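In what follows, a structure is listed as structure tokens, so that the remarks can point back to it.
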Amino acid sequence: MKYLMNTKQSELIYVLKAFVTASAIALCLGTVIYYLFPNEKLPGQEFYTVTAYLLFILFGPIAETLIMIPIFATIKLFTRNVVKTAFISALIWAGLHSFSPSVWGGVTFCSFFIYSIAFLSWDSISRKKAIYITFGIHALKNASAFVLLKLIS
């Protein structure tokens, strides 16, 4: 996890490392959840259109990254610890992503923990970089998830 807090590296390399980490964890968790809950509907199976793809890849990640800012501000009223803040943020996002399908929050928790660590780490350098880097990780992750879900559905 230390490498996720290291802002003294190429932003592109950072995004790729975080993306690979988030994807590997999500793939493992998603596979376990898929086999534990075989009747649970996978997210997004009902729409594979260009519009849905763009919303899922562009709008979702930027909107959620911007929504993180007030969430972090609220959490920081209670703790300044980056790991605790990221953990609480990930819990909130996992809860929000559990509405459809219900087990999907388990998959998104780790990804949002990584997005939160990324944002909080890079925010100390630049808010703009924090937004771009977090968006980049999230957009890559969503793009790969979208393609993978399309292939298995």
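Summary of computed values
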| read-out | value |
| --- | --- |
| Selected residue [modelled with pLDDT under 90 and among the β-branched types (V, I, T)] from T21, T65, T49, T74 | T49 |
| All positions within the stretch 115-142 that are small (G, A, S) and out of contact with any helix residue (DSSP H, G or I) (no Cβ under 8 Å at 6 or more places or on another chain) | S124, S126 |
| All positions within the stretch 121-143 that are of a type in the set (A, V, I, L, M, F, W, C) and crowded, with 24+ Cβ neighbours inside 10 Å | I133, I137 |
| Those residues of the stretch 114-147 which are over 14 Å from the mean Cα position of the chain (by Cα) and in contact (Cβ under 8 Å) with a residue 60 or more places away in the chain, in sequence order | S121, W122, S124, I125, K129 |
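The values are calculated or read from the model by the stated rules, or taken from the named source; none is laboratory data. For clarity, every value in this text was computed on a predicted model and none was experimentally measured. FYI the Cβ positions are ideal-geometry reconstructions off the backbone, even for glycines, and counts take in every protein chain you see.
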